[in-house]
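Visitor: One structure, as structure tokens, below. Some questions next.
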Amino acid sequence: MRGTAYVGGPMNGLEDYNYPAFFEAEARLIAGGEFKRIINPAALDDSGVPAHDTLTKEIWRSFLKRDLKIIMDNDVDTLILLPGWRKSDGARLEARVCKDLMGATLLEYFEDGDGYTLKPTWVGNDKL
């Protein structure tokens, strides 16, 4: 069994901040039993997320700082990246931190029927 996984992916600009995809991935990962612990940032946001038209850069930064602290404080060893993550500034930064500072494994998440598939991925020289 693997250790602690963090679910990362695009949120800003997507309907409902893409929460349904985060919660669906979390549920499937828990059911799959591969990881001792799954951290879902959408589960941490509850009612504290503003409407898209009021999400300032300052608020976005505060969420990202919180999430990066959670990643480092919880010794995340696997980052599960949802579809569209390469278009997300926050998810790319999380990937860079996980890979470069934490030595974590980066895995792209794909829904597969009632289950899921995880495929290794890389950060490379992506523009952050």
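The values are calculated or read from the model by the stated rules, or taken from the named source; none is laboratory data. Since the model is a prediction, treat every value here as computed from it, not as a measurement. When we count neighbours, we look across all protein chains shown, and the Cβ atoms used for this are built from the backbone with ideal geometry, even at glycine.
Visitor: How about region 64-97: which of its residues are over 20 Å from residue 15 (Cα atoms) and part of a loop (DSSP other than H, G, I, E, B)?
Guide: Residues satisfying the conditions are 74, 75, 76, 77.
Table: residues versus (1) in contact (Cβ under 8 Å) with a residue 12 or more places away in the chain; (2) crowded, with 17+ Cβ neighbours inside 10 Å.
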{"site": "13", "(1), (2)": "yes, no"}
{"site": "40", "(1), (2)": "yes, yes"}
{"site": "43", "(1), (2)": "yes, no"}
{"site": "59", "(1), (2)": "no, no"}
{"site": "78", "(1), (2)": "yes, yes"}
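Visitor: Where residues in region 80-125 are farther than 14 Å from residue 35 by Cβ, among the aliphatic types (A, V, I, L, M) and in contact (Cβ under 8 Å) with a residue 40 or more places away in the chain, which of them is surrounded by the fewest Cβ atoms within 10 Å (Cβ to Cβ)?
Guide: Step by step, filter region 80-125, then rank; the result is 82.
Visitor: If we scan region 55-63, do we find a residue that is touching a Phe, Trp or Tyr at 6+ places or on another chain (Cβ under 6 Å), assigned to a helix (DSSP H, G or I), farther than 16 Å from residue 2 by Cα and among the hydrophobic types (A, V, I, L, M, F, W, C)?
Guide: no
Residues checked against (1) at positive phi; (2) more than 15 Å from the chain's Cα centre (by Cα); (3) modelled with pLDDT under 95:
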residue	(1), (2), (3)
71	no, no, no
75	yes, no, yes
100	no, yes, yes
105	no, no, no
112	no, yes, yes
115	no, yes, yes
122	no, no, yes
128	no, yes, yes
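Visitor: Test each condition in (1) farther than 15 Å from residue 120 by Cβ; (2) surrounded by 12 or more Cβ atoms within 10 Å (Cβ to Cβ) for residue 69 and report the one that comes out false.
Guide: Among (1) farther than 15 Å from residue 120 by Cβ; (2) surrounded by 12 or more Cβ atoms within 10 Å (Cβ to Cβ), the lone unmet condition for residue 69 is (2).
Visitor: Moving on. Considering only residues of region 18-41 that are out of contact with any helix residue (DSSP H, G or I) (no Cβ under 6 Å at 6 or more places or on another chain) and within 17 Å of residue 94 (Cα to Cα), which is modelled with the lowest pLDDT?
Guide: 18
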